[in-house]
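A.B. asks: I'd like to ask you about the structure that follows.
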Amino acid sequence: MQSTRSVSPLAVATHVLLLLAFFLVGCSSSLAPLSGTSANALTGNWQVSSMSTTAMKLPMLSGELTGSVTAVTGIFHAASAGACVSQATAIPLTGHADTKNVLTLTGALAGGTLTISGNVAEDNKSLTGTTYNVTGGTCAFSAPVVASAQAFSSVTGTYAGSFSDAGGHVIDITANLTQTPASDTTGNFQLSGSGTFPNNPCFSSPVSVSNAQVTGGSFTQTYADSSTQNSVTATGTFSSDANTLTVTNWTLTGSCGPDSGTGLLTRQP
């Protein structure tokens, strides 16, 4: 009679554990935390803001972030008048995301510490569940506040639209704009380019853009014509994809002024 060899329970258990370990190693990539898709996944122009009354000292910040979720640095500033610090005060930031992809940024602010936290969206263009807080110093909050955090695309391209005033007068404009790829020392981006005002005797087109700046979702730009001595300064906001510039106010000075109003520019294909 042929004998059979029994297998001990310990050997069976060991074999199962080895198979399980092999399976986990093979699947480790699917269990790894989400990380940036490129070395500069979070790099760009960002804005963080809150509607909470607790954030009245610092309701909005904007500036540049550089890097990926594994290591990001930034330089922000207060993006609203009347904040607890001047808009010209630079706020350096550093941070990284944890294994749950929650990004935390911290930086010194007016004798205290600013902390911004939120979950990085899949497209790396916004944070969800965002909060920020200031502990200590002259800007201290009583508690963290719920906020929004959004990256804004570059204001670069050809934009066409018009300015209108309260009397119904319309100024057509086509603007060729280029935003700098990096910010200045306080996190503001600069704009260069020119504007064309078709059939408008107030401007000898094209007119160069001057004193132009982008920060977060806001912009300001001036078209000053040295030959006619007319100047128009436009300020406003823009969409996160930078396809639409909403002029909340423009002011015309010079021989054709004074005048003021609103406007809308859209990026051309």
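The values are calculated or read from the model by the stated rules, or taken from the named source; none is laboratory data. Here the structure is a predicted model, which is why all the values come from computation and not from measurement. Every residue, glycine among them, receives a Cβ derived from its backbone with ideal geometry; neighbour counts consider all protein chains shown. To get the accessible areas, we keep the full protein, side chains included, count just its heavy atoms, and leave off ligands, DNA and RNA. Shrake-Rupley method; radii C 1.70, N 1.55, O 1.52, S 1.80 Å.
A.B. asks: What pairs come out if I take residues in segment 240-269 that are touching a residue at least 12 places away in the same chain (Cβ under 8 Å) and pair them with residues that are part of a loop (DSSP other than H, G, I, E, B) and surrounded by 21 or more Cβ atoms within 10 Å (Cβ to Cβ) whose C-beta lies under 8 Å away, six or more apart or interchain?
C.D. replies: 240/217; 242/155; 245/155; 267/242
A.B. asks: Would you be able to say whether some residue in segment 168-185 is of a type in the set (A, V, I, L, M), in a strand (DSSP E or B) and open to solvent by 60 Å² or more (accessible area, probe 1.4 Å)?
C.D. replies: In the first step, residues of segment 168-185 are kept if they are of a type in the set (A, V, I, L, M); the result is 170-171, 173, 175, 177, 182.
Add one more test, that the residue is in a strand (DSSP E or B), and what stays is 170-171, 173, 175, 177.
The next check asks that each one be open to solvent by 60 Å² or more (accessible area, probe 1.4 Å); those that pass are 170.
The answer is yes; a qualifying residue exists.
A.B. asks: If you don't mind, another one. In the set 58, 105, 65, 93, which member is in a loop (DSSP other than H, G, I, E, B), within 15 Å of residue 149 (Cβ to Cβ) and not hydroxyl-bearing (Ser, Thr, Tyr)?
C.D. replies: Details: 105 fails: in a loop (DSSP other than H, G, I, E, B); 65 fails: in a loop (DSSP other than H, G, I, E, B); 93 fails: in a loop (DSSP other than H, G, I, E, B).
So the residue among 58, 105, 65, 93 that is in a loop (DSSP other than H, G, I, E, B), within 15 Å of residue 149 (Cβ to Cβ) and not hydroxyl-bearing (Ser, Thr, Tyr) is 58.
A.B. asks: When you go through (1) under 15 Å from the mean Cα position of the chain (by Cα); (2) modelled with pLDDT under 95; (3) open to solvent by 80 Å² or more (accessible area, probe 1.4 Å) one by one for residue 41, which number turns out not to apply?
C.D. replies: Looking at each condition in turn, residue 41 falls short on (3).
A.B. asks: Residues in segment 52-93 that are touching a residue at least 24 places away in the same chain (Cβ under 8 Å) and farther than 13 Å from residue 188 by Cα: how many?
C.D. replies: Looking only at that region, the number is 18.
A.B. asks: Here is a follow-up. I'd like to check which strands (runs of 3 or more DSSP E) are fully inside segment 188-263 and have at least 3 residues that are farther than 16 Å from residue 156 by Cβ, open to solvent by less than 30 Å² (accessible area, probe 1.4 Å) and out of contact with any Asp or Glu (no Cβ under 7 Å at 6 or more places or on another chain). Reasoning before the result, please.
C.D. replies: Numbers: elements: 189-196, 207-215, 218-225, 230-238, 244-253.
Answer list for segment 188-263: 218-225, 230-238.
A.B. asks: I would also like to ask the following. The conditions are (1) in contact (Cβ under 8 Å) with a residue 60 or more places away in the chain; (2) surrounded by fewer than 17 Cβ atoms within 10 Å (Cβ to Cβ); (3) not hydroxyl-bearing (Ser, Thr, Tyr), and residue 96 fails exactly one of them. Which is it?
C.D. replies: Just one mismatch for residue 96, condition (1).
A.B. asks: So, residue 114, is that one under 16 Å from the mean Cα position of the chain (by Cα) and not hydroxyl-bearing (Ser, Thr, Tyr) or not? Let's see the steps before the verdict.
C.D. replies: Values: under 16 Å from the mean Cα position of the chain (by Cα): no; not hydroxyl-bearing (Ser, Thr, Tyr): yes.
So residue 114 fails the test.
A.B. asks: Just checking, how many residues over segment 116-157 are in a loop (DSSP other than H, G, I, E, B), among the β-branched types (Val, Ile, Thr) and over 24 Å from residue 189 (Cα atoms)?
C.D. replies: Going through segment 116-157, the residues in a loop (DSSP other than H, G, I, E, B) turn out to be 121-125, 136-144, 147, 153-156.
So of that shortlist, the ones also among the β-branched types (Val, Ile, Thr) come out as 138, 155-156.
If we keep only those that are over 24 Å from residue 189 (Cα atoms) as well, we get 138.
Matching residues across segment 116-157 total 1.
A.B. asks: Among (1) within 21 Å of residue 217 (Cβ to Cβ); (2) open to solvent by less than 40 Å² (accessible area, probe 1.4 Å), which single condition is residue 88 missing?
C.D. replies: Status for residue 88: all satisfied but (2).
A.B. asks: Output the number of residues of segment 70-85 satisfying the condition of being open to solvent by less than 70 Å² (accessible area, probe 1.4 Å), over 15 Å from the mean Cα position of the chain (by Cα) and β-branched (Val, Ile, Thr).
C.D. replies: Final tally of qualifying residues: 1.
A.B. asks: Assuming residue 134 fulfils every condition listed in (1) of a type in the set (A, V, I, L, M, F, W, C); (2) closer than 22 Å to residue 220 by Cβ; (3) open to solvent by less than 10 Å² (accessible area, probe 1.4 Å) apart from one, which condition is it?
C.D. replies: The one condition residue 134 does not meet is (2).
A.B. asks: Can you name every residue in segment 68-88 that is assigned to a strand (DSSP E or B) and at pLDDT below 95? Spell out how you get there, then give the answer.
C.D. replies: First pass over segment 68-88, keeping only residues assigned to a strand (DSSP E or B): 68, 71-78.
If the condition is that a residue be assigned to a strand (DSSP E or B) and at pLDDT below 95, then 68 is the only one that fits.
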